[in-house]
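Student: Here it is, the structure, as structure tokens.
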Amino acid sequence: MIPPESDAEFAASMEEVLDVYARPYDPRYPVVCMDEQPIQLLRESRLPIAGTKTHPRRVDYEYERAGTASIFMFCEPLSGWRQVSVRTRRTKVAWAQEVAALLRTRYALVEKVLLVSDNLNTHTKGAFYETFEPQEARALVRRLEFCHTPKHGSWLNIAENELSAMTRQCLTGRRFATVEELRVETTAWHDLSNGKQRGVEWQFKVDDARIKLKSVYPKLEM
């Protein structure tokens, strides 16, 4: 994404995200990034021919559409952890259920999760109230601190980078006919990645932004 010029809201949101990334690791307040993307499910119209020693696997160019699914990517950059979840729909309820599941399991004992995401209309506090009873919804929201990337600034979300890597390494050039097939493969990907404990060291800082993205900051009238 090319950042806009002279946009105070963009600059403010960008610096907020960069400040979050600059914080030292604190297990009581983990920084978790999330992103999501839809995917088209495709069913083979003809049975592929298995590969041999002398010829690669052959797949017919024709296929049948088998619906869609939504992939949710969660990652904790400093600990080298990520999780991919697959659901049939991309809704507020699906998002709230995914976040709630993490708060009840991996992050059950932390004080608060700092959640970095884009400002999609499904990523809201209200989503919890559309999914759970008010008492439970409020308890979940209390344990979250939201940090939204600016519009046209999705590149600031580390989860988007993880989602791009997963797509290249696990999905590109392949067809998945069902949610179950997709879930098996993406789970294998995040298990392998977590086994390597590959963390993310974010290099772009606020001072860098004020120099390299100078055009984003409004010109002050003296």
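The values are calculated or read from the model by the stated rules, or taken from the named source; none is laboratory data. Quantities reported herein were computed from a predicted structural model and do not represent experimental measurements. Positions of Cβ are backbone-derived with ideal geometry, glycine not excepted, and every protein chain shown enters the neighbour counts.
Student: Does the range 126-139 hold any residues that are buried (at least 19 other Cβ atoms within 10 Å of the Cβ) and not polar (S, T, N, Q), and which are they?
Tutor: Passing the criteria: 127, 128, 137.
Student: Is it fair to say residue 94 is in contact with a helix residue (DSSP H, G or I) (Cβ under 8 Å, 6 or more places away or on another chain) and crowded, with 16+ Cβ neighbours inside 10 Å?
Tutor: No: the conditions fail for residue 94.
Student: Determine whether the range 156-163 contains at least one residue that is part of a helix (DSSP H, G or I), buried (at least 16 other Cβ atoms within 10 Å of the Cβ) and among the small types (Gly, Ala, Ser).
Tutor: Yes.
Student: Give me the pairs: first residue in the range 8-28 and within 15 Å of residue 78 (Cβ to Cβ) and touching a residue at least 60 places away in the same chain (Cβ under 8 Å), second residue in a helix (DSSP H, G or I) and among the β-branched types (Val, Ile, Thr), beta-carbon distance under 9 Å, and six or more apart or on different chains, which are they?
Tutor: Final answer for the pair search is 18/206; 19/206; 21/158; 22/206.
Okay, residues lined up against (1) at pLDDT below 95; (2) touching a Lys or Arg at 6+ places or on another chain (Cβ under 9 Å); (3) surrounded by 14 or more Cβ atoms within 10 Å (Cβ to Cβ):
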site: 36; (1), (2), (3): yes, yes, yes
site: 51; (1), (2), (3): yes, yes, no
site: 55; (1), (2), (3): yes, no, no
site: 98; (1), (2), (3): no, yes, yes
site: 124; (1), (2), (3): yes, yes, yes
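Student: Look at the range 102-136 and say how many of its residues are over 13 Å from residue 91 (Cα atoms) and either free of Cβ contacts under 8 Å to residues at least 40 places away in the same chain or of a type in the set (D, E, K, R) (or both).
Tutor: Residues meeting the conditions: 16.
Student: Please specify each residue of the range 57-70 satisfying the condition of being among the charged types (D, E, K, R), at pLDDT below 70 and either in contact with a Gly (Cβ under 9 Å, 6 or more places away or on another chain) or assigned to a strand (DSSP E or B) (or both).
Tutor: Hits for the range 57-70 are 57, 58.
Student: Right, next: Testing residue 132 on (1) outside any loop (DSSP other than H, G, I, E, B); (2) modelled with pLDDT of 95 or more, one condition comes back false. Which one is that?
Tutor: So the condition that residue 132 fails would be (1).
Student: Right, another one. Test of understanding: among 18, 42, which residue is surrounded by 15 or more Cβ atoms within 10 Å (Cβ to Cβ) and more than 22 Å from residue 123 (Cα to Cα)?
Tutor: Sole residue among the options that is surrounded by 15 or more Cβ atoms within 10 Å (Cβ to Cβ) and more than 22 Å from residue 123 (Cα to Cα): 42.
Student: So which residues in the range 189-222 are assigned to a helix (DSSP H, G or I) and either exposed (fewer than 10 other Cβ atoms within 10 Å of the Cβ) or without any contact (Cβ under 8 Å) to a residue 12 or more places away in the chain (or both), if there are any at all?
Tutor: Listed by number, the residues that qualify are 191, 192, 195, 196, 207, 208, 210, 211, 212, 214.
Student: Of a type in the set (D, E, K, R) and within 20 Å of residue 13 (Cβ to Cβ): which single residue out of 196, 125 fits that description?
Tutor: Criteria check complete, one pass: 125.
Student: Take the residues in the range 176-188 that are touching a residue at least 60 places away in the same chain (Cβ under 8 Å) and within 19 Å of residue 163 (Cα to Cα); name whichever of them is surrounded by the fewest Cβ atoms within 10 Å (Cβ to Cβ).
Tutor: Restricting to residues being touching a residue at least 60 places away in the same chain (Cβ under 8 Å) and within 19 Å of residue 163 (Cα to Cα), the top hit is 187.
Student: In the range 1-29, what count of residues is obtained for those that are over 13 Å from residue 209 (Cα atoms), outside any loop (DSSP other than H, G, I, E, B) and of a type in the set (Asp, Glu)?
Tutor: Residues meeting the conditions: 1.
Student: Do we have any residue at all in the range 71-94 that's assigned to a strand (DSSP E or B), at pLDDT below 95 and more than 19 Å from residue 166 (Cβ to Cβ)?
Tutor: There is no residue in the range 71-94 that is assigned to a strand (DSSP E or B), at pLDDT below 95 and more than 19 Å from residue 166 (Cβ to Cβ).
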